[in-house]
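First the structure, in the form of structure tokens, and then the observations on it.
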Amino acid sequence: MTKQDKRDRAELFRTRLAQAMGEAGTNQSALARSIGVDRSTISQLLTGDGARLPNAQVVGECAMELGVSSDWLLGLSERPENAADLMAINLTMTEAPRALVDQQIFDWHKEAIGYKIRHVPAALPDMLKTREMLEWEYRPHLGRTTDQAIGASEDKLEFMRQSRSDFEIAVPRHEVECLARGEGYYAGLSTLLRRAQLRQMLELYRQLYPTLRVYLFDARRVFSAPVTVFGPLLAVLYVGRNYIAFRDSERVQTFSRHFDGLVKEAEVSDREIEGYLEGLLGDVG
């Protein structure tokens, strides 16, 4: 930050105060009443020509009343929004319904068409699952509406597969191995369904590679919460009942670097996935 002369800063304060008042549609009398000072005080703030700035209390009250930040009024920031507004712009929290591809996720995918999408799923990637696998997974909470939910999502899944976006997906290695063995989350899933699911993953990977690239990492060495990075546009963290979406470039880059680390630490690379899945298929049943 360049050090600014006191007179220049005072002049900038006067200019920005007048600008904020104009945009807020208020006048000297109204602003004075709302912050509890005499009208003459506001007049002096706007018309003075010296290097003196008002005290912090007056600056803060003016900023709060006019809906701008104190830093902006004082020339310490080029963004007039206050901290809460900046947070609202760059970070949003939305509900995450228990569904395959809910409308919010689908809208984010459409927004990011043409960009690389990097994804760490909560379990196996939905876009690689068989219909039978989806029914087994979603029926306990969707009940009779499971078929409707799957039907409504199939077109979205196909759109994602056929989109102009490249996909990189990082999955913990134990997730795929538990599927193959029918353990943990996949306990109770029949051998027939497990084989069909592995076969589907293998066939789709052969069709879509290199547009689709999958990496398997060791969760004992590195950890990742479910997250999706939509090119340079946004990064979305999945926390169960909600999505937390970050749009500021610094956070998006941070999540992208996190994904780079998962790729670097991958025990099974994108080029090795076919052989790995073939080996698992041979071991099932």
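A short reminder: the numbers here are calculations on the coordinates, not readings from a lab. What you see is a predicted model, and the numbers here were worked out from it, not measured in a lab. Positions of Cβ are generated from backbone atoms using ideal geometry, with glycine treated the same way; all protein chains shown enter the neighbour counts.
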Shape of segment 229-270 from its Cα gyration tensor (a ≥ b ≥ c, root eigenvalues): rounded if a/c is under 1.5, otherwise prolate when a/b > b/c, or oblate?
oblate
Pull up the cross-link candidates among the aspartates and glutamates for Lys156, meaning alpha carbon to alpha carbon under 14 Å and not fewer than 8 places away within one chain.
Asp102, Asp107, Glu111, Asp126
Per-residue ³J(HN,Hα) for segment 173-185, Karplus 6.51 cos²θ - 1.76 cosθ + 1.60, θ = phi - 60°, Hz, x for Gly and Pro
4, 5, 4, 6, 5, 5, 4, 4, 8, x, 10, x, 4
Would you look at the GNM of the chain, springs on alpha carbons closer than 10 Å, and say which of Leu179, Leu45, Leu124 moves the most?
Leu45
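Looking only at trypsin sites (Lys or Arg not before Pro) in DSSP loops with at most 13 other Cβ atoms within 10 Å, what is the longest site-free stretch of the chain? Intermediate results must be reported in sequence, preceding the final value.
Numbers: sites that count: Lys3, Arg52, Arg98, Arg164, Arg220, Arg221, Arg241, Arg271.
Between the exposed loop sites, the longest stretch runs 99-163.
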Which FRET efficiency value, to the nearest 0.05, is calculated for Thr130 and Ser77 with the Förster distance at 45 angstrom and r the Cβ-Cβ distance?
0.30
Reachable aspartates and glutamates, given that their alpha-carbon falls under 15 Å from the alpha-carbon of Lys116 and they are not under 8 places away in the same chain
Asp166, Glu168, Asp260
Share antiparallel - DSSP beta bridges, segment 89-283, percent rounded to 5:
65 percent
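Helix-only mean residue ellipticity at 222 nm, the chain, DSSP H runs n ≥ 4 weighted -39,500 (n - 2.57), per residue, nearest 500. What is it? Write out the running numbers ahead of the final one.
Details: 13 runs with 151 residues, N = 285.
Value at 222 nm, helices only: -16500 deg cm²/dmol.
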Where the centre of each part is set by its Cα atoms, how far does segment 105-137 sit from segment 187-253, in angstrom?
7 Å
Choice from Met160, Met201, Met64 showing the highest fluctuation, given a GNM over the chain with Cα pairs closer than 10 Å
Met64
Point-charge dipole on Cβ atoms (K/R +1, D/E -1) for segment 154-235, about Cα centre, debye to 20:
220 debye
Roughly what would the spin-label model give for Gln103 and Phe159, points 7 Å off Cα along C-beta, in nm?
1.2 nm
Tell me, what ³J(HN,Hα) does each residue in segment 188-197 have, in order and in whole Hz, if you take phi through Karplus 6.51 cos²θ - 1.76 cosθ + 1.60 with θ = phi - 60° and put x for Gly and Pro?
x, 7, 5, 4, 4, 5, 5, 5, 4, 5
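If you rank Leu31, Leu193 by fewest surrounding Cβ atoms within 10 Å, what's the result? Before the final figure, lay out the partial values.
Working: Leu31 23, Leu193 18.
Ordered by Cβ neighbours within 10 Å, fewest first: Leu193, Leu31.
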For segment 56-69, Karplus couplings with θ = phi - 60° (6.51, -1.76, 1.60), whole Hz, Gly/Pro x
4, 4, 5, 4, x, 5, 4, 4, 5, 5, 8, x, 10, 8
Distance histogram in 10 Å bins (all Cα pairs of the chain, percent per bin)
6, 22, 24, 14, 11, 11, 9, 3, 0
Amide H contacts under 5 Å for Asn242, placed H, 5+ residues apart:
Ala96
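Rounded, prolate or oblate: pick one for segment 6-81, where a ≥ b ≥ c are the square roots of the eigenvalues of its C-alpha gyration tensor, a/c under 1.5 means rounded, and failing that, prolate if a/b is larger than b/c, else oblate. Can you show the working numbers first?
On the way: a/c = 1.56, a/b = 1.13, b/c = 1.38.
Judged from the Cα gyration tensor, segment 6-81 comes out oblate (a/c at least 1.5, b/c at or above a/b).
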